[in-house]
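Read through the structure below, which is laid out as structure tokens, and then see the notes.
The values are calculated or read from the model by the stated rules, or taken from the named source; none is laboratory data. This is a predicted model, so every value here is computed, not measured. Cβ coordinates were reconstructed from backbone atoms using ideal geometry, including for glycine residues, and neighbour counts include every protein chain displayed.
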Amino acid sequence: MKKLDCRSCLEEEISDLCKRLGIKKYRANQVFHWVHQKGAQSWMEMVNISKEDRERLSKVLVLQPLELVQEKRSKDGTRKYLFRLADNESIETVLMNYEKGHSRERHTLCLSTQVGCPIGCSFCATGMSGYKRNLTVGEIVGQVLDVIRHVKKEDPEFEVTNLVFMGMGEPFLNYEAVLKAIKILNSENGQDIGMRRITISTSGVVPRIKQLAHDNPQVGLAISLHSSKNEVRDILVPINRRYPLNELLEACKYYIDLTNRRITFEVALHNQN
């Protein structure tokens, strides 16, 4: 039997697994809590779970943290992390820290959803490197868990307050994994990050914009627009050739009408000199 990635599992999925193994149901709650709230990276850390149950669970569930290869820090407090995956591919995750000001202190994590990106936006370094594969649910969730575990070594009170799916890859081309990762990260028994503190950015995958309005109307939506002219956007964001501006804006109107939520439009500034 192939082992399942524990970080990819909803609590109810772990509960079903416990039932099949003859393990008491409450163990699922404990396992999920250890992995997603306490950041456990091994079964040995789960000290309130019997050794026998840990051994049985370890035969069907794998705990596989990402390998932190490099951390870069900028003067404004932003941190960029390079993670190596199990197949030796690499992804980047960015932590943006904002001072309190008039609201609470914010720690926003920018997540990757693919190794590389198939969209090929002309201004994006990720697109230049080509596309390798989608990330798994566990690899998406793992970016959050492993950044938190790393930062807590120097700041035990640290917590991620906001998530933006604006890193490597097009989130809507890994739609199911992204939505499941959001559900896991929103769990009260895990990180408990509010849906309204999560934003998905898309280059304009029209069918998924409409689907998101039905599947998860609480998360924020951002559109990587960059131009209001098809002939320019065709070059900057090549997916525009498949979903031109009239179709994109119709999908945005559909989303707004159904959810009553605002959409953020993103524009890269270009030097005309």
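Residue count for region 89-134, restricted to those that are modelled with pLDDT under 95, of a type outside the set (A, V, I, L, M, F, W, C), farther than 13 Å from N162 by Cα and assigned to a loop (DSSP other than H, G, I, E, B): 10.
Considered as a group, the residues in region 173-219 that are closer than 15 Å to T108 by Cβ and in contact with a His (Cβ under 9 Å, 6 or more places away or on another chain) include one that is surrounded by the most Cβ atoms within 10 Å (Cβ to Cβ), and that residue is L185.
In region 36-55, the residue that is surrounded by the fewest Cβ atoms within 10 Å (Cβ to Cβ) out of those that are closer than 24 Å to I193 by Cα and out of contact with any Gly (no Cβ under 8 Å at 6 or more places or on another chain) is S42. Taking the criterion of being over 26 Å from the mean Cα position of the chain (by Cα) and not in a loop (DSSP other than H, G, I, E, B), the only residue of region 28-49 that qualifies is M44. Considering each residue of region 137-158 in turn, at least one proves to be small (G, A, S), in contact with a helix residue (DSSP H, G or I) (Cβ under 7 Å, 6 or more places away or on another chain) and either surrounded by 20 or more Cβ atoms within 10 Å (Cβ to Cβ) or not in a helix (DSSP H, G or I) (or both). Quick one: A222 ticks every box in (1) surrounded by fewer than 20 Cβ atoms within 10 Å (Cβ to Cβ); (2) small (G, A, S); (3) within 18 Å of E89 (Cα to Cα) bar one, so which box is it? For A222, the exception is condition (3). Note on region 241-265: residues that are charged (D, E, K, R) and either farther than 23 Å from F123 by Cβ or not assigned by TED's automatic domain parsing to the domain that holds I223 (or both) amount to 5.
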